[in-house]
Structures are given as C-alpha cells and as structure tokens.
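What follows is a set of notes on a single structure, which appears directly below.
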Ligand code: HDD
Ligand code: HEM
Ligand code: HEM
C-alpha cells in the first residue's frame, strides 16, 4: 500500500504541474501578449480551460491531503519552514481563482473587467513562481530546522538564488505548456501563429532559466549536477526530454498541432524525473544533512491501508468521469 | 496582537468565510435541480431561466468556496502544525474521502455549467444532481473530522503517544452523526431563507413577479421544512454535548454551579469575573430536561471543571442564545408559511409574511456562524478534546498577526466583490429574462 500512496502522490503532483501548470501558463501568456491581441487570446483560453478549470486544481488538494494524512511530518515541516512562500502562493491561488470566475460571470461588462484581468494575469505569474520556489527549497537542503533566529528559520530557507531560479524556470515551463496547448485550440491561422511565437519565446526562456538553475545550484552548493548527470535515469530523462523537444518543433513545422501537447507533457515529465529521481524517496532535504523520506515519514499501517483503498476506489469513480469531461469538451462547438 | 490569538482568529475567520460559500455551493445545486426538473417536465421557460440565473450565482460561490477551501487545507498546517502532525493520520480518513467527493463535484460542475445544449438533457440534469450530492457528502465528511476533535476516537493515548490508530473508528466517532445532521439542516435552512428572502424582496418590488415567485417557492419549501426540523436536531445535539463535553454545555448555559434540577437561562448578561449571570429569565428544571431528558436531573456546572480547562463562558453563552433565538424565529416563520399552504392561500396576499422572509435573509447565516462559535469556542482550551491543548498546537513562527491582518483584508474584499457581483446579477434579471408576460399563473398557485 505504501507504493500505491506514493504513486498517487507523485501522480497528483505531476498532473497538477501539467494541467494546473498549463492553466497558469494561459495567464502568463496573456501577460506577455500585446494589449490589442489580449481579448482574442482570452477568449480562446477561456473556451479551452473553462470546463476543466475546477478539475485541474483538484490535483493540488489531492496532493495536500495525501501529504497530511500519510506523511504528516513532511506536511508540517513544510508548513512551518515554508510558511511565507506557501501563504503567498495561497494568496495567488485565491486571487486567480476568483478573478477568473468573476470576469466570466459578471453580468455587466465594464471597467471592472480590466481589474479582474490585471489580478488574473499577475497572480498567474506569482503562483507558479512560488510553487517553483517551494519545490526548489524542498530539495535544495537549505531548510534549517535548527536555526535560532527568524531569518534563518523562516526566510533564507526559500529566499535564495537556487529557489528563485527554480521558480522562474517553473513559470517558463507553464507558459510553454500553455502555448503548446493553445496552438491546438486556436481556430484562426493568425492566432495559431501568435501562439507558436509564444511557444518559441517560452522555450527560450525555459532554456535560459534552466541554465540559471544550474548556475545557482553551483554557487549555492546544491548537488543538482550530480543528481541529473551522474545518474543513469536522470541522464536518460534529460536526453529524452531534448529529443522530444526536437521532435516537437519538427512536428510543428509539419502543421500537426494536437500531438504536440503530448510531447510537451512528456518533456516536462522527464524534467521532473531528472530532478527528483536521484534523491527519491527523500522528499525534504534539511540543512543539517538529514532528510525526510517518504518511506520513513509514513503514517501508521492502518491509516496507509485505509487511504490506499480510498484512493484506488476514488479513482475508479473519478477517472472515467474525468476522461469523459475532457473528451466531451474537446469536440469543437459548431 | 499576540501570535496565539492571531492564529485562532485567522482560523476562525477563514472557516467562518468558507462555511458561507460552502453551504451555498452545497445547497443551491439542489434548488437548481428542482427547477431544472420542472423545466424539463413542463417546458415552462421561466424554470429554465431560474435555473440559468441561479447557476451563474452558484459558479461565483463555488469558485470562492473552492479557493477558500484550498486555503484551509494548507492553513491547518500553517497554523497548527503540532496538531496536524498527530491528528493527520487519525482524522484524515474523511478528508481523503472528501477529496474524492470534491473531485466528482468539480467534474460534474464542469459538465453542468458548460453542458447546456451539448449533452443529453437528462444527463445534463443528472450532472447537476451529482454536484449537489457530492457537495453534501463532502460537507458531512468534513464535519465528521471536526466531530473527531470534539470526541476523539480511533486511537489509544499512552504516555503522550498516539497508538493503535484506526482511521475508520475515528471517522465514526460519537459526535459525527448529530453534528452532521444538524449541519446539513443548517445549510439548507440558511441558504433557503437567504434565497427565498431575496426573491421575496423582488416580489415586493414587483419586478418580474412570475420569475421570482416560482424561484421563491422552491427555496422556501426547502428552507421551511429544514427550519422546523432544526430545533429537534439541536435538542439531540445538546443531549450529546451534555454527555461528551459537560464543560461546553455549562459554558453554553453559563451554568457556574452544579445544580439539581438546573434551570434554563434565556438571555442574561454574563459576568465572567464574579462568575454569575444577571438579568436572565429562568425556566426552572428546563435545562435538566434538555440535557438529560429528565426535569430533576443534575447538570454539571463549571465549578466541577478545573479552572484551566474551562472554555470562555460569555462568548459561548451569547452565541448559543443567538443561535437558539434565531432558530425559534425561523421555525415560527416556517410554521406560518405552512399554515398558508395548508389553507391554500397565496403568500402574495400576505405582505407581512413576505416581509418576514426578507428580514430572514441574513438570519440563517448568523445562526450558523453562531452555532460554530458554540462548538469551537466551547471546545477550548482543547484542540483535541481532553488530549491536546490548542496552545500547544500553534506554529512556532512569530508574526502571525501580520498574516491575520492580511487575510482579513483579502476576505473582506472578496466579500465585497461577491456582493457587488450578485447585486449586478439580480439587477440584470429583468433585462436577461424578461418574458413580457406577467402571467396569470402567479395567482393560480
Ligand atoms: C441555521 C442555523 C442553525 C439554527 C437555526 C440552529 N443551529 Fe445549532 N448549530 C448550527 C446551526 C444552527 C451549526 C452551525 O450548524 C452547528 C455548529 C456545529 C454543528 O455541528 O452545527 C450548531 C451547533 C449546535 C450545538 C453544539 C453541537 C456540538 O458542539 O456538537 C447545539 C447544542 C445546538 N446547535 C443546538 C441548537 C438548538 C437547540 C437550536 C434550536 C433552535 C439550534 N441549534 C438552531
Ligand atoms: C466551517 C465551519 C466552522 C467554523 C465557522 C469554525 C469556527 C471556528 C472558530 C470560531 C475557531 C476558533 C476557536 C477559538 O480558538 O476560540 C475555530 C478553531 C478551529 N477549528 Fe473550526 N470551525 C468550523 C469547522 C471546522 C472544521 C470542519 C474543522 C476541522 C476539521 C475545524 C478545525 C478547527 C481547528 C483546527 C481550529 C483551531 C484550534 C482551536 O482553536 O481549537 N473547524 N473554528
Ligand atoms: C463545516 C465545515 C465545512 C463544510 C460544510 C464544507 C463544505 C464544503 C463544500 C460543500 C465544498 C465544495 C465547494 C463549494 O461548493 O463551494 C467545499 C470546498 C472545499 N473545502 Fe470545505 N467545508 C468545510 C470545512 C472545510 C475545512 C475545515 C477544510 C480543510 C481543511 C475544507 C476544505 C475544502 C477544500 C479544499 C475545498 C475545495 C474543493 C473544490 O475545489 O471543490 N473545508 N467545502
């Protein structure tokens, strides 16, 4: 059962990254779209993500619930030492979720729309930035559980170049995912061209920020290089990610638009594997060199058993329904 | 502000905010399903418009409920890490099932909101019902988790260690049923009266009376039936509390000394320093009856509870009075409405009753918040009753006061925006749904 739960946890995190990420990315794209094209972009976007909007964000809840039921020590360590970035991320989630719905359902369309838009696009940037910062801090070994002053305990654990670089990298990946997704959703050629431009832009950004992550890792003594390149799985994941990127641009030239999103998703999955495989099952690395591992920090047997069953049965209920939702709204409106 | 107090206030604020949105998200789908059903059966466009108008409101509330709920699932750890470290594996079962329920709810909502004209019409209707049922299920589950904090079960507490954990037994603790029952009724009562009241107001203003009368009726039937059941379920809860948390019962009733038989106090001003209540109306023996079903029974007072285990008396007592007072009032309004229905009279001729419904718009929610204050403040100083003190569970991070101010501002602005949006929705009803037929069907009902 441990394995079932760990699989679900990894899956929930991955799916949140891919689906929620694409969803954040849509806002990021809007941020980098010129004022005159924004409303068009917005329309395509809201058609594309409207129906699956709530469902995409459920993966975060699933991940959090699994964490606090089955890995309480990991959940509480994160909530104590990463309190500040978590709170900022939450504000982002609140602002974004409400602004998205408010602008859709406001019965009168007037100046308020601009306010919702502003909130939406800036929080679409902030939220994945801080998600990335949190992810970066968890693996970087900067969290200091023995610190005895405020700054060391609650600030420098996440406010460091490595975490920030991971945050920016995350933002770029989200933008990339969204651009690729929207290429397949847009109905006009001009618009498609615009999303292709955006995808190129985000791709370049991801490469630059990726390089920044490695540089920051070098200066901050995070053994990222070792994890990724001195490990067979990590190395093959990087190679696969690069190959799929080349394939992706090739197919794009050929005008195939729908298959791209699978490749982009695969690529991001490989990046996550490359970063996390080497230190699996350690979830949090602490400054004093110790780590919280998924196997050691796990809850007592009966809890694990019950949670495992709940997840398995839950997925039987959820997955067909969810699949149908995605399928149904893939069909274009007449 | 001291950090501990700030953490408690922030928790209370977030929960108090979430509960309103969650109740609406939980109850409105049922109202919509009824009106949707009537539309499919009768082809009366008005019902379709009601369903659509409501569904827009629900989407706004649902999203706000969802983000504030997401906030809460992090906040439990951000504010009470020591609690979650031990409690997570024990009371986590309902939360994991709740996750499933939410997921189904979110998927069904996607179908429902975006499925007009795209799905088979009965499948579309069914997705609306699923939204309601899974919302209700998640409400029941999360209350079961709260009930566990009031009535811990499913583990052995030995030398400060939590052993033999059994999450299923924890979920079916002694308090879950009465609490969940009372909460579900409360959700229907509060939302029902709020919705019915808004439509009653529009009827009084003579705007689209046909539309608003039909909408009023659906909400009012749900609201009044539940409001009559509410005091009965409340009585069950009170007997339950008397058994498992005598300190809470004593605080609810501001009963400073153990008495046999014990009187029920109505109103009154609590003097916490001198441990007495003044200006209250006493009903002899009534408390003994309410708590133990016997007019002569002894009721434990606060004098039998160690000083460091007593909850704040004044807040709990006042909150309880507010809840029961409003509960009684809503029950009377409901009975009035039933009498009209039995006599087959139209409420449209009874302006005073419509006005009472308008007055009741906020009352249900006030009672609901007051009820939660009774439950939660009455549990203090314990976070897990009898096992862990709230003070020992709070996060070690200083500066929570800032976080409290920040989130207060956020929640306040969200409330303002939602009210503003709703106001606009309602204002637009004549424009969007005016059928130009203030039909005779109004009177016929
Ligand atoms: C519309 C809202 C509403 C109304 C009209 C009432 N209640 Fe209530 N009450 C609630 C909404 C509520 C609640 C918010 O839903 C609570 C908080 C926790 C819970 O389970 O339900 C609650 C809790 C609660 C508790 C504490 C339960 C516990 O701590 O486990 C008692 C003893 C009562 N109620 C009793 C009553 C009585 C005797 C009422 C008679 C009129 C009444 N309530 C009306
Ligand atoms: C949504 C309706 C609810 C409302 C309005 C509510 C209200 C409150 C209030 C007023 C407090 C502060 C009490 C004090 O410190 O004096 C509080 C504390 C708390 N509540 Fe609730 N509550 C609700 C439901 C829940 C549920 C369902 C749970 C958990 C499953 C929960 C968990 C907690 C926790 C962990 C605390 C902090 C510890 C404490 O003060 O005891 N609450 N709540
Ligand atoms: C008595 C207390 C509560 C009730 C009755 C309740 C009920 C609900 C309902 C019906 C929803 C669905 C969203 C909506 O319809 O607006 C919801 C959303 C949510 N609630 Fe609560 N809730 C309560 C307290 C809590 C607590 C204490 C937590 C966290 C620890 C929580 C976590 C969530 C989450 C994560 C969501 C979002 C799920 C989604 O996206 O649909 N709730 N709640």
**Asked** in contact (Cβ under 8 Å) with a residue 24 or more places away in the chain, part of a helix (DSSP H, G or I) and closer than 23 Å to residue B:422 by Cα: does that describe residue A:100?
**Response** yes
Residue A:321: passes all of (1) surrounded by 15 or more Cβ atoms within 10 Å (Cβ to Cβ); (2) in contact (Cβ under 8 Å) with a residue 12 or more places away in the chain; (3) within 14 Å of chain B (Cβ to nearest Cβ) but (2)
Criterion first (buried (at least 19 other Cβ atoms within 10 Å of the Cβ), at the interface with chain A (Cβ under 9 Å from one of its Cβ atoms) and more than 11 Å from ligand 3 (Cβ to nearest atom)) does residue B:185 satisfy it? no
Pairing a residue in the range B:6-27 that is closer than 21 Å to residue B:405 by Cβ with any residue that is outside any helix (DSSP H, G or I) and near ligand 2 (Cβ under 10 Å from one of its atoms), where Cβ atoms lie under 7 Å and the two sit 6 or more apart in sequence or on different chains, gives B:7/B:394
Checked against (1) within 24 Å of residue B:65 (Cβ to Cβ); (2) touching a strand residue (DSSP E or B) at 6+ places or on another chain (Cβ under 9 Å), residue B:145 satisfies every condition except (2)
Exactly one of A:136, A:157, A:132 is more than 10 Å from chain B (Cβ to nearest Cβ), crowded, with 19+ Cβ neighbours inside 10 Å and modelled with pLDDT under 85, and that residue is A:157
Residue set B:143, B:198; condition in a helix (DSSP H, G or I), away from ligand 2 (no atom under 16 Å from the Cβ) and away from chain A (no Cβ under 14 Å); output residue B:198
Residues in the range B:383-417 that are more than 22 Å from the chain's Cα centre (by Cα) and either away from ligand 3 (no atom under 16 Å from the Cβ) or surrounded by fewer than 16 Cβ atoms within 10 Å (Cβ to Cβ) (or both) total 19
Going through the range B:338-381 in order, the residues found to be within 26 Å of residue B:178 (Cα to Cα), crowded, with 20+ Cβ neighbours inside 10 Å and more than 16 Å from ligand 3 (Cβ to nearest atom) are B:360, B:363, B:380
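Can you confirm whether residue B:246 is buried (at least 22 other Cβ atoms within 10 Å of the Cβ) and either modelled with pLDDT of 85 or more or within 16 Å of ligand 3 (Cβ to nearest atom) (or both)?
In short, no.
Run down B:139, B:154 and say which single residue is closer than 26 Å to residue B:239 by Cα, more than 16 Å from ligand 1 (Cβ to nearest atom) and touching a residue at least 60 places away in the same chain (Cβ under 8 Å).
The match here is B:154.
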- Query: What about residue B:282, is it in contact with a strand residue (DSSP E or B) (Cβ under 9 Å, 6 or more places away or on another chain), within 12 Å of ligand 1 (Cβ to nearest atom) and away from chain A (no Cβ under 14 Å)?
  - Reply: no
Of the residues in the range B:412-421, those that are within 9 Å of another protein chain (Cβ to nearest Cβ) and either over 17 Å from residue A:100 (Cα atoms) or in contact with a helix residue (DSSP H, G or I) (Cβ under 8 Å, 6 or more places away or on another chain) (or both) number 4
By residue number, the members of the range B:123-137 that are away from every other protein chain (no Cβ under 11 Å) and within 10 Å of ligand 3 (Cβ to nearest atom) are B:132, B:135, B:136, B:137
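Condition first: within 12 Å of chain A (Cβ to nearest Cβ) and either surrounded by 21 or more Cβ atoms within 10 Å (Cβ to Cβ) or away from ligand 2 (no atom under 14 Å from the Cβ) (or both). Can you find one or more residues in the range B:42-50 that meet it?
no
Do you know which residues across the range B:68-89 are part of a helix (DSSP H, G or I), in contact with a strand residue (DSSP E or B) (Cβ under 9 Å, 6 or more places away or on another chain) and more than 7 Å from chain A (Cβ to nearest Cβ)? Explain how you work it out, then say what you get.
Here is the first cut: in the range B:68-89, the ones part of a helix (DSSP H, G or I) are B:68-79, B:81-89.
Still in the running and in contact with a strand residue (DSSP E or B) (Cβ under 9 Å, 6 or more places away or on another chain): B:82-83, B:86-87, B:89.
Passing the criteria: B:82, B:83, B:86, B:87.
The values are calculated or read from the model by the stated rules, or taken from the named source; none is laboratory data. These figures come from a predicted structure and were not determined experimentally. Every residue, glycine among them, receives a Cβ derived from its backbone with ideal geometry; neighbour counts consider all protein chains shown.
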